[in-house]
Each structure stands twice: as C-alpha cells, then as structure tokens.
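What follows is one structure encoded as structure tokens, with my remarks underneath.
No value in this document is a laboratory result; all are computed from the given coordinates. Treat the numbers as computed from the prediction; the structure is a model and nothing was measured.
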Amino acid sequence: EAILEDILQDYNRFLVKTLSSILKKFNNHSGRKILEQIADEVITFLETNTVFIHVYLEQMTSGKNVKRVRDGVNPELESMLTIFFFEQGSCDQTTAKLLTHSLMSMWMRVGLQYTLSSNLSRSKAIEAIVKISAGAIKSYVPSLTKYFIN
C-alpha cells in the first residue's frame, strides 16, 4: 500500500505540474487544444502504468478506499481546477467543484476503458475526453465558451 501511495503521489505531482502549465496557456490556445493536451497526458499515464492501475483498482474495489473514491484521488488537481473554473466568474464554488469532480472522473473512466480494453483506440478515447469535457465546461462555465469555437 505504501508503494502504491508513493506512485500515486508522484503521479499527482506530475499531473498538477503538467496541467498547471497547460492552464497557464489557456488564453493563448483554443479550448480544444488544451483539452487534447490534458487527454493525452491522462491516456499516456494510464498506458505507461498499467501494472499500477491494475493493482490500484484492485485495492480500491476491495473497499479500502471508499473515502478516496468520494473525495477524488488527486486533491491538488481538484483544488487547482476548482479555483480555475470559479475564477472564470460564471459559476459558484460548489458548481466549480462538482464540474471538476465530474471531469476528473470521466477522464479516468474513459482512460481506463481505453487502457483495459482492446476495442477502443487512443484517438477515440482522446476525442471522447475532449468532446465531453468541452460540453460540460461550456454548460457550467459559459464564460469559457469562446475558447471552444473552432
């Protein structure tokens, strides 16, 4: 469990650093490009850490991490994205947090479907993450809609 926790913390730090860098470029890039970069990072991590993913999923489904499932596996990322969405000014903090959790869950779920299944291509997984994320963001943070116009 300690080794799993260390791997997860390393990934959390990497993902927060990577997404923080991506979000800083948000005003200079289209929303689609940003979401493609995020999707690529999620998929790449899952592809390169399949053993960890299998062991971690076994641990989570054994009931040991029910609180973690509820609260999310990456509190730093949750905080960063919640603040980002809230600061856009068109949703309250609770909505920003719910949007963040929804996106993180969907990213992981689509990524796992791709990683653990042989019938989903990488490009389709990334496309699903981008389209679903863009739709959710435009719905809940209308001030960001302009970034998703092609």
Checklist entry - So what's the convex hull volume per residue for the Cα atoms of the stretch 1-46, in Å³? => result 52 Å³
Item to check | Value at 222 nm in deg cm²/dmol, rounded to 500, when DSSP H runs of n ≥ 4 in the chain each add -39,500 (n - 2.57) | outcome: -25500 deg cm²/dmol
Checklist entry - On average, how much area does the Cα convex hull of the chain cover when viewed from any direction, in nm²? => result 8.7 nm²
Next on the checklist: What is the angle, in °, between the Cα long axis of helix 75-87 and the longest principal axis of the Cα atoms in the chain? Nearest 10 is fine, range 0 to 90.
Outcome noted: 10 degrees
Next on the checklist: If you only keep lysine pairs separated by 8 or more in sequence, or across chains, how many in the chain come under 14 Å at the Cα atoms?
Outcome noted: 6
